[in-house]
Amino acid sequence: MPYAYDDQNIFARILRGEIPNRTVMETPHTLVFHDIRPHAPVHVLVIPKGRYVTFDDFAARASAEELVDFHRTAAAVCESLGVSPGAGGAGYRAIANAGPDSNQEVPHYHLHLLGGRNMGALLPPA
Ligand code: 5GP
């Protein structure tokens with residue numbers, strides 16, 4: 001059972017054009033924009049245009065077309081922002097928070113892409 005989707009979440013409002021964003025790339029199923037509070041020199045958010053709350057919700061329910069579009073767009077952004085190791089970049093970290101234990105702030109699935117500096121340890125030791 002997926003989380004209930006809240007149509008008033010901030011990314012739904014961005015998708016409806018009610019709130020501005022700094023768009024990096026847009027396709028029929030996917031939007032990529034700069035995070036408003038960047039944690040690294042490169043910090044963008046990749047979001048599906050569909051109503052999905054978390055990574056697992058998206059992975060389970062999205063169409064094959066949406067899934068391919070989302071991931072190919074994320075890959076294109078990694079290359080265009082110069083962080084893709086396969087294209088000579090120094091790398092990046094991809095993070096998807098989901099639910100309370102992850103402190104997910106916005107309940108619309110998004111992939112953080114962070115780069116432009118060394119990202120350090122994944123997490124403090126347990
Ligand atoms: P989460 O904690 O849900 O994984 O991350 C949500 C992210 O959305 C945060 O990094 C936060 O800075 C970003 N964010 C929140 N509100 C806005 C907004 O109105 N515009 C943009 N561009 N980013 C936002």
Could you give me the residue pairs with C-beta distances under 7 Å whose first residue belongs to region 98-110 and is more than 9 Å from Ile10 (Cβ to Cβ), whose second residue is more than 6 Å from the ligand (Cβ to nearest atom) and polar (S, T, N, Q) wherever it lies, and which are 6+ apart or on separate chains?
Ala98/Thr54; Gly99/Thr54; Pro107/Asn9; Tyr109/Thr54
Of (1) over 22 Å from Asn9 (Cα atoms); (2) within 10 Å of the ligand (Cβ to nearest atom), Gly89 fails just (2)
Filter result for Val46 (of a type in the set (A, V, I, L, M, F, W, C), touching a strand residue (DSSP E or B) at 6+ places or on another chain (Cβ under 6 Å), at pLDDT 95 or above and within 14 Å of the ligand (Cβ to nearest atom)):
yes
Residue that is farthest from Met25 (Cα to Cα), among those in region 43-78 that are assigned to a helix (DSSP H, G or I) and basic (Lys, Arg):
Arg61
Which of the residues belonging to region 1-26 are outside any loop (DSSP other than H, G, I, E, B) and within 13 Å of the ligand (Cβ to nearest atom)?
Ile10, Phe11, Ala12, Arg13, Ile14, Leu15, Thr23, Val24
Go through Ala126, Ala87, Ala94, Ala75 for me and flag whichever is surrounded by 13 or more Cβ atoms within 10 Å (Cβ to Cβ) and of a type in the set (A, V, I, L, M).
Ala75
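How many residues are small (Gly, Ala, Ser) and surrounded by 14 or more Cβ atoms within 10 Å (Cβ to Cβ) if we restrict to region 8-32? Walk me through it before giving the result.
Step one: of region 8-32, the residues small (Gly, Ala, Ser) are 12, 17.
Within this subset, residues satisfying the condition of being surrounded by 14 or more Cβ atoms within 10 Å (Cβ to Cβ) are 12.
Selection size over region 8-32: 1.
The values are calculated or read from the model by the stated rules, or taken from the named source; none is laboratory data. Since the structure is predicted, the reported quantities are computational estimates derived from the model, not experimental observations. All Cβ positions, even for glycine, are placed from backbone atoms using ideal geometry, and neighbour counts span all protein chains on display.
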